[in-house]
Amino acid sequence: MEQKYIVALEIGSSHIRAAVGVVDESGVLTILAVEDENAINVVRYGWIQNVEEVSNRINKLIKKLENYQSISPRKIKSVYVSIGGRSTMATSRQIVRHFDDGVDITDKIIQQIKDEARQMVVSDRKVIEVLPREFAVDNLDCPNPVGTVGRNIKAEINLVTCKPVIGYSNIQRAVTERQQLNIKGEIVRQSAIADLVLTSDEKKLGCMLVDFGAETTTVSMYKNGTLRYFETLPLGSRNITRDIMSLNHTEENAEQLKKVLGDVVNVEPNYRKHDFDGDATEVNNYVRARAGEIIVNIIEQPKYAGYKIWSDLPGGIIIVGAGAKLKGFTDQLASQSGLNVRLGNIPGTIRISDPKLQSLDFIDVIALLNAAARRNPQECTEVPVQVNVVYDDDDSYDEDDDDEPGPRPIKGKEKKEKKEKKPKVEEKREPKGPSKLSQWKDRLATMLFNEADENDE
């Protein structure tokens, strides 16, 4: 595989992020650049509210990325986009295939099952991704059916879907219609993050992935290596910010107070007195109350999935999202759930050109690039072709007629350099004597004058 530049676009409730990476011939992904724009009030719960504003901010992101030295002079023409937020949900479906005789189960048969699942209608929703949960060959559980022989195969499939209008159509309007960017593929945000931050052992043992975002918190559960449960809660870190705003603070100030004073574990926040001259304990009470509500909702989700949190999810809780940086949140989540809790991180298999991009803030968009790199990546950029105007020898070109500024085209196919014209220097010349014609005229005039004098005498 030749080196390919791929571009990912993540539209979240607090930020819109875009990233460029390059996949080399061995399939290794290198992150070249990440940029972001504020999305407050233009995206809500992962849904685009203002198509025009989102489009403008995407345009700014693309221009920023194209100015990177590692990317220029390439122009971004296509992107991979994420699908997430409250619009997404997972639905289970079952597909059974029968064969007259025993056959070898091949990759082709599995792909046919996935294609059939993708064509299923799910109550006016768009199918974004097909994720197999379980397989059984001749009624025997078979996690990896390829290579087995049987007369029938049964597949339990998770269909990840979204609402067509708010979940996808507005993305098309902002990206394709207004910015003329081709969408190379849609990627489920949570699935991409899971593939990036979860280990294979965690997925096999059973674990919970928590994406604690600005306006939503998405909980995914894995067991026996596959996705078993998926739910998006309408609660996020911005709920804490809005609670603090009730103390007569602007949203900007409330957000800053949350970061400086917020402490989920300790009642009395640890801070420098000169950072805030109000009642810090009162602010932190709002933080602890709302964070506690979010934690309770998270640890209730295994019940809805039919799991016992301690026995069925020994792989623990892996948390990502900007909300996870709230002081004491992971400690309190571990205390109330009884499970090990760790922050998701970017694996060392991905090369990152700038250490700053290792931040938890950029996991979402880097996860998208990683997902695109793993599924036959398509080139998303192109190098502009420079057109040089060359005139043939017989083409006419008059310098005096060219009033346009800038460099002039080169005459002739051989591109001969013009010889520099030397400035004209006026030479001082001695005055010349009378011409022969003038001399004859003078002689004739003298003769006629003399004859006239003689006649007068």
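Count of the stretch 22-57 residues, restricted to those that are of a type in the set (G, A, S), farther than 14 Å from S82 by Cα and touching a Lys or Arg at 6+ places or on another chain (Cβ under 9 Å), is 4. Residue count for the stretch 78-129 satisfying the condition of being hydroxyl-bearing (S, T, Y) and out of contact with any strand residue (DSSP E or B) (no Cβ under 9 Å at 6 or more places or on another chain): 1.
Evaluate the stretch 89-104: report whether one residue or more is under 28 Å from the mean Cα position of the chain (by Cα) and crowded, with 19+ Cβ neighbours inside 10 Å. Yes, the stretch 89-104 contains a residue that is under 28 Å from the mean Cα position of the chain (by Cα) and crowded, with 19+ Cβ neighbours inside 10 Å.
Would you be able to say whether some residue in the stretch 302-319 is in a helix (DSSP H, G or I), in the same structural domain as P234 (by TED's automatic domain parsing) and under 18 Å from A214 (Cα atoms)? Steps first, please.
Taking the stretch 302-319 first, the residues in a helix (DSSP H, G or I) are 302-305, 309-312.
Those left that are additionally in the same structural domain as P234 (by TED's automatic domain parsing): 302-305, 309-312.
Within this subset, residues satisfying the condition of being under 18 Å from A214 (Cα atoms) are none.
No, the conditions are met nowhere in the stretch 302-319.
Assess whether V320 counts as being under 30 Å from S70 (Cβ atoms), surrounded by 19 or more Cβ atoms within 10 Å (Cβ to Cβ) and either at pLDDT 95 or above or of a type in the set (D, E) (or both). Considered against the rule, which asks whether it is under 30 Å from S70 (Cβ atoms), surrounded by 19 or more Cβ atoms within 10 Å (Cβ to Cβ) and either at pLDDT 95 or above or of a type in the set (D, E) (or both), V320 comes out as yes.
Residues of the stretch 213-244 that are charged (D, E, K, R) and either in contact with a Phe, Trp or Tyr (Cβ under 6 Å, 6 or more places away or on another chain) or on the phi > 0 side of the Ramachandran plot (or both): E215, D243.
Only one residue in Q336, Q332 is assigned to a helix (DSSP H, G or I), surrounded by 17 or more Cβ atoms within 10 Å (Cβ to Cβ) and in the same structural domain as E268 (by TED's automatic domain parsing). Which one?
Values: Q336 fails: surrounded by 17 or more Cβ atoms within 10 Å (Cβ to Cβ).
Result: Q332 is the single residue among Q336, Q332 that is assigned to a helix (DSSP H, G or I), surrounded by 17 or more Cβ atoms within 10 Å (Cβ to Cβ) and in the same structural domain as E268 (by TED's automatic domain parsing).
Determine whether the stretch 105-126 contains at least one residue that is in contact with a helix residue (DSSP H, G or I) (Cβ under 8 Å, 6 or more places away or on another chain) and hydrophobic (A, V, I, L, M, F, W, C). First the steps, then the outcome.
Taking the stretch 105-126 and keeping what is in contact with a helix residue (DSSP H, G or I) (Cβ under 8 Å, 6 or more places away or on another chain), we get 124-126.
Going one step further and asking which of them are hydrophobic (A, V, I, L, M, F, W, C), we end up with none.
No: zero hits.
Summed over the stretch 54-70, the residues that are within 14 Å of the chain's Cα centre (by Cα) and either without any contact (Cβ under 8 Å) to a residue 40 or more places away in the chain or over 30 Å from V219 (Cα atoms) (or both) give a count of 7. Scanning the stretch 15-28 turns up no residue that is closer than 30 Å to T241 by Cα, modelled with pLDDT of 95 or more, touching a Gly at 6+ places or on another chain (Cβ under 8 Å) and assigned to a strand (DSSP E or B).
Residues to consider are I62, I58, I71, I40; find the one that is buried (at least 17 other Cβ atoms within 10 Å of the Cβ) and in a loop (DSSP other than H, G, I, E, B). Exactly one of I62, I58, I71, I40 is buried (at least 17 other Cβ atoms within 10 Å of the Cβ) and in a loop (DSSP other than H, G, I, E, B), namely I71.
Among L247, L196, L205, L181, which is the only one that is at pLDDT 95 or above, surrounded by fewer than 21 Cβ atoms within 10 Å (Cβ to Cβ) and either in the same structural domain as D312 (by TED's automatic domain parsing) or on the phi < 0 side of the Ramachandran plot (or both)? Before the answer, list the steps.
Values: L247 fails: at pLDDT 95 or above; L196 fails: surrounded by fewer than 21 Cβ atoms within 10 Å (Cβ to Cβ); L181 fails: surrounded by fewer than 21 Cβ atoms within 10 Å (Cβ to Cβ).
Being at pLDDT 95 or above, surrounded by fewer than 21 Cβ atoms within 10 Å (Cβ to Cβ) and either in the same structural domain as D312 (by TED's automatic domain parsing) or on the phi < 0 side of the Ramachandran plot (or both) holds for just one of L247, L196, L205, L181, which is L205.
Residue check: K327 meets all listed conditions (1) crowded, with 20+ Cβ neighbours inside 10 Å; (2) basic (K, R); (3) not assigned by TED's automatic domain parsing to the domain that holds I244 but one, namely (3).
Counting only residues that are closer than 20 Å to N340 by Cα, touching a Pro at 6+ places or on another chain (Cβ under 8 Å) and polar (S, T, N, Q), the stretch 196-225 holds 1 of them.
The values are calculated or read from the model by the stated rules, or taken from the named source; none is laboratory data. This structure is a prediction, so every number in the text was calculated from the model and none was measured. With ideal geometry, Cβ positions are generated from the backbone for all residues, glycine too; neighbour counts draw on all protein chains shown.
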